[in-house]
Each structure stands twice: as structure tokens, then as C-alpha cells.
Amino acid sequence: MVQATDSTPAAKAAASVRRRMLGEFWFYFSENRGAVIGLWVFVALVVIAIFAPLIAPHSPIHQYRDALLVPPVWQEGGRWEFLLGTDPVGRDVLSRLIYGSRFSLFIGIVVVTVALTFGIVLGLIAGYFRGGIDIAIMRVMDIILAFPSLLLALVLVAILGPGLMNAMIAIALVYQPHFVRLTRASVMSEMNRDYVVSAKVAGAKPFYLMTRTLLPNCVAPLIVQATLSFSNAILDAAALGFLGLGAQPPTPEWGTMLAEAREFILRAWWVVTFPGLAILITVLAINLMGDGLRDALDPKLKRS
């Protein structure tokens, strides 16, 4: 009973600290209006992706043979059942855009998760142990960074074979050095801090130091980098899809939709414009959100 009584004030204090930190974070984040707009757009994208079967008016792969290249509803010849028109084989553009949001989120989540996980592990090892291990890891990362990212992704996908999963693996491998270098730099800057030295003197094991002492203090820049990599992954996946090396037809992925519509640019503008706008709006929203996260998480940017 005494233990429970003693823990109650501590729990309340911890909850109060968390609420204060969350309020401070939202204060600095909300000062950037572009970031708030980007956040709402991203939330809308998530909702659309989750409820795509309920929102989409048609199946994304069903072909209406009597409705080939139907223009949007506000243009002459448009039909209300196809609000944004149809593509060259009679599929509803709006439905394919809605289902395409699922693939965009899936691509971003998988790429960032894989790149972030391996990047943190390698960065922690390189920054903590230094010496030959650090040199070996960083020289491999330098080799990867020496190649243009999209070109290296193209080469990797050509080796692995075309497909959405192989494209995501290739993009994750290309983005991994950014997380390795960022984690390593953060670890090296924290190694000589008093709290790390105290933990070492107290006999903390290297694994504990890396995961419980150093890593929590490296999270802020990694979150910002992950957000920006999320948007870049969507762009690169769309580029690979446009080149025929990413998602394969009839998958309703935005880059693949652009590739299928190339020859109809002049006489059916909607089949190219709407997927392009979807990519533009999504990437812009995530980048704006990343700027807001940087402002809220970087102490140097906080105004007193």
C-alpha cells in the first residue's frame, strides 16, 4: 500500500511532464502554418487510404468498355458516374487515385522503416565503437552515396527484377546511408556528455548505453529525416513506376498511372494531370510537415 501511495505522485509528475512536452511541441509545430496544413492533408490521405473501399465509387481495375477516355464531369462529354473521367481502357480515374493513396503510404512506411532500422543499428555501432568498424561501415555508405540515388535504385531494381516490393527494397537501401550518417553524428556528439560518462562509470553495458542512453537523445533529427525520406520514397517509387520498374499494371499506383497515360497527354489531359497532382500534393504536404517537425524538435530553432 505504501509503495502504491509513493508511486502515485511520481506517476502524476511524469504525466504532467509529458503533457507539458506535448504542449510545447504542438506550440512550436503550430507556429508553422504550412506544417499544420501539411498535417491535415496527410491525415486526410491516411483516412482516404484506410476507407478506400468505402469512398471509391468503382473498382480500380474494372474496365468499362463503353466509357473509354471519358473526360471529367465538368467537361463536354463527361459523365456523373466518372467524376474525374476514365483512362484509355475504361477504368475510373478517381477510384484509381483513391486506391493509389494506399500504395503511396505503404511505400513510404516500408521504405522508411527498413532504412531507419538498419540505419540506426549501423550508425550506433559506428559511432560507439569507432575504429576499424566505423571506417568499414562509413566507407560502404560513402560508396552508396557516390551514386545518384535514382540511378542506383534503377540498377538495383534491374538486378532484382521489376516489381513494387523490389523497388521499395532498392529505395530503402539507397536511403539507408542518410540515417547511418545522422545516427553516427548524433552518437559522437553525445558520447562525451556527463550522463553518458556517468552511465559508463556505473558499469552500463555497451548495448544498454547504445539503446537506452544514446538512442533516445538522437531521435529528434531522425524523425525529421524519416519524414523527408517518406516523401522522397513516394517520388522515387513513382519514378520507377513511370519507367516500368516499379508497380506493374493493373496496380493503381500513381507512377504506373502516369506511365500508362504517356501517349494520351495531348488528347486526354486528365489521365496525366490528376495522378501528377496527387503526387505533387502528397509530397508537398509531407515536406511541409517535416519542416514543422524540424522547428518543433530542434532546440536551436525554438524561440524563447
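Per-structure values
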{"quantity": "Sequence-separation-based contact order of the chain, relative, with Cα cut under 8 Å and 6+ spacing, percent", "calculated": "24"}
{"quantity": "Reduced Cα scattering model of the chain, Debye log10 I(q)/I(0), q = 0.09, 0.10, 0.12, 0.13 Å⁻¹", "calculated": "-0.59, -0.70, -0.91, -1.00"}
{"quantity": "Among 258-266, 289-297, the order from most to least packed when residues are scored by Cβ within 10 Å on average", "calculated": "289-297, 258-266"}
{"quantity": "Charged-residue dipole, Cβ positions (Lys, Arg, Asp, Glu), the range 175-304 about Cα centre, Debye nearest 20", "calculated": "620"}
{"quantity": "Selected from Gly292, Ser59, Trp270, residue furthest toward positive end of dipole (the chain; charges at beta carbon)", "calculated": "Gly292"}
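Any read-out appearing in this document is the output of simple, stated calculations on the displayed coordinates, not a laboratory observation. Because the structure is a prediction, the values reported are computed rather than measured. Glycine gets a Cβ as well: all are built from the backbone with ideal geometry, and neighbour counts include every protein chain shown.
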